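Below is one structure, written out as structure tokens; comments come after it.
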Amino acid sequence: MQLESAAVPSGRVVPVAVDGDDFVVWRGADGRVRTVPRWCPHLDHDLADGYVVDTELVCAGHGWAFDGDGHAYKRNEFGRVDPKDDVATLNVDEHDGTVELERA
């Protein structure tokens, strides 16, 4: 699956389908494009409604954060980070104004 790089500006969450499965794509503050499945493993909230903080995608439902490397975390109000789950990611290759996504 391919997208134009401009379709994934920094801070925007973009829903995509790859081989019949739903994912979301976002670009972090560092410019890197990341992916996770579209549905949060916690309570099935739609991560397309999430928001980007620095390099992570945060679920609007209960605040789980996804790093795009296959890890989900919950940060509490005191700064503690609790690992919550591992999630699938896609292989991402960005070149010549195109983002290519494929199954890992």
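Can you name every residue in region 4-19 that is crowded, with 17+ Cβ neighbours inside 10 Å, out of contact with any Gly (no Cβ under 7 Å at 6 or more places or on another chain) and assigned to a strand (DSSP E or B)? Answer for region 4-19, where residues must be crowded, with 17+ Cβ neighbours inside 10 Å, out of contact with any Gly (no Cβ under 7 Å at 6 or more places or on another chain) and assigned to a strand (DSSP E or B): Val14, Val16. Scan region 37-49 and give yes if some residue there is closer than 21 Å to Arg103 by Cβ, of a type in the set (D, E, K, R), in contact with a helix residue (DSSP H, G or I) (Cβ under 7 Å, 6 or more places away or on another chain) and crowded, with 17+ Cβ neighbours inside 10 Å, otherwise no. There is at least one residue in region 37-49 that is closer than 21 Å to Arg103 by Cβ, of a type in the set (D, E, K, R), in contact with a helix residue (DSSP H, G or I) (Cβ under 7 Å, 6 or more places away or on another chain) and crowded, with 17+ Cβ neighbours inside 10 Å.
Each row is one residue, and each column tells you yes or no for (1) under 16 Å from Val24 (Cβ atoms); (2) of a type in the set (Gly, Ala, Ser); (3) touching a strand residue (DSSP E or B) at 6+ places or on another chain (Cβ under 6 Å).
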| position | (1), (2), (3) |
| --- | --- |
| Val53 | yes, no, no |
| Glu56 | yes, no, yes |
| Asp69 | yes, no, no |
| Gly79 | no, yes, no |
| Asp82 | no, no, yes |
| Leu90 | yes, no, yes |
| Asp96 | no, no, no |
| Val99 | yes, no, yes |
| Arg103 | yes, no, no |
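Of the set (1) touching a Leu at 6+ places or on another chain (Cβ under 7 Å); (2) buried (at least 19 other Cβ atoms within 10 Å of the Cβ); (3) farther than 12 Å from Val92 by Cβ, all apply to Gly61 but (2). Checking each residue of region 81-95 against the condition of being of a type outside the set (S, T, N, Q), farther than 15 Å from Val13 by Cα, free of Cβ contacts under 8 Å to residues at least 24 places away in the same chain and not in a strand (DSSP E or B) gives no match. Quick check on region 20-41. Is at least one of its residues within 12 Å of Leu90 (Cβ to Cβ), in a loop (DSSP other than H, G, I, E, B), free of Cβ contacts under 8 Å to residues at least 24 places away in the same chain and in contact with a Phe, Trp or Tyr (Cβ under 8 Å, 6 or more places away or on another chain)? Yes, there is a match, as at least one residue in region 20-41 is within 12 Å of Leu90 (Cβ to Cβ), in a loop (DSSP other than H, G, I, E, B), free of Cβ contacts under 8 Å to residues at least 24 places away in the same chain and in contact with a Phe, Trp or Tyr (Cβ under 8 Å, 6 or more places away or on another chain). When Val81, Val87, Val92, Val99 are checked against the criterion of being touching a helix residue (DSSP H, G or I) at 6+ places or on another chain (Cβ under 7 Å) and of a type in the set (Val, Ile, Thr), Val99 stands alone in meeting it.
For region 50-80, give me each residue that is assigned to a strand (DSSP E or B) and among the acidic types (Asp, Glu).
Across region 50-80, the qualifying residue is only Glu56.
Filtering region 76-85 for residues that are of a type in the set (A, V, I, L, M) and either within 11 Å of the chain's Cα centre (by Cα) or under 21 Å from Leu3 (Cα atoms) (or both) leaves an empty set.
The numbers here are math on the coordinates, done by the rules we state, and not lab data. Only a predicted model underlies this, so the values are computations on that prediction, with no experimental measurement involved. We place every Cβ from the backbone using ideal geometry, glycine too, and count neighbours over all the protein chains shown.
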